[in-house]
Amino acid sequence: MKPKVHAGHLGINSSLRRARELIYWPRMSSEIRQFIKACTTCAAYADCHRNEPLYMHEVPQIPWQKVGSDLFSYKEKQDMVMSEYLNRFFEIDLIPTSDSKTVIGKLKNHFTCYGIPDTLISNWGPQYTSSVFKVFQK
């Protein structure tokens, strides 16, 4: 039973939750914990799941001086979020494609409404590092 509840290698908490939904036996939690700690697959990939360090940003002095932009998918549709760092205001735009030209078009719309920021922060995705985007930045 222990290999079945840990088949997805999702960690101790998820495996325990799954086991509790299916079955119970005395000392089940401790046995499952020991089983997972001895899992060679989990041990091999343990270093891959470390969190990246958090970086502190200086708080801007005026609105729209520093903004962040990122892309995400929701219900099979692409969206772009634009967040303002002083007031934590954000806007989400539905985008037809996630290429650089589309992202640049949406950024231009925001910059027309709120002004050009001093700093644009992104996750360095391909849309923000392409040659087309580098030309736009200048």
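The values are calculated or read from the model by the stated rules, or taken from the named source; none is laboratory data. This structure is a prediction, so every number in the text was calculated from the model and none was measured. Positions of Cβ are generated from backbone atoms using ideal geometry, with glycine treated the same way; all protein chains shown enter the neighbour counts.
Only one entry of Ser130, Ser98 meets the criterion of being modelled with pLDDT under 90 and either in contact with a helix residue (DSSP H, G or I) (Cβ under 8 Å, 6 or more places away or on another chain) or in the same structural domain as Gly11 (by TED's automatic domain parsing) (or both), and that entry is Ser98.
Could you pull out the residue among Ile62, Ile92 that is in contact with a strand residue (DSSP E or B) (Cβ under 9 Å, 6 or more places away or on another chain) and over 30 Å from Lys4 (Cβ atoms)? Don't jump to the end; show me each part of the working.
On the way: Ile62 fails: in contact with a strand residue (DSSP E or B) (Cβ under 9 Å, 6 or more places away or on another chain).
Just a single option satisfies the conditions, and that option is Ile92.
Does Arg33 satisfy being free of Cβ contacts under 8 Å to residues at least 24 places away in the same chain, touching a helix residue (DSSP H, G or I) at 6+ places or on another chain (Cβ under 6 Å) and farther than 30 Å from Lys134 by Cβ?
It is true that Arg33 is free of Cβ contacts under 8 Å to residues at least 24 places away in the same chain, touching a helix residue (DSSP H, G or I) at 6+ places or on another chain (Cβ under 6 Å) and farther than 30 Å from Lys134 by Cβ.
For segment 45-67, state whether one or more residues are touching a residue at least 24 places away in the same chain (Cβ under 8 Å), among the aliphatic types (A, V, I, L, M), surrounded by 15 or more Cβ atoms within 10 Å (Cβ to Cβ) and over 30 Å from Ser122 (Cα atoms). No: segment 45-67 contains no residue that is touching a residue at least 24 places away in the same chain (Cβ under 8 Å), among the aliphatic types (A, V, I, L, M), surrounded by 15 or more Cβ atoms within 10 Å (Cβ to Cβ) and over 30 Å from Ser122 (Cα atoms).
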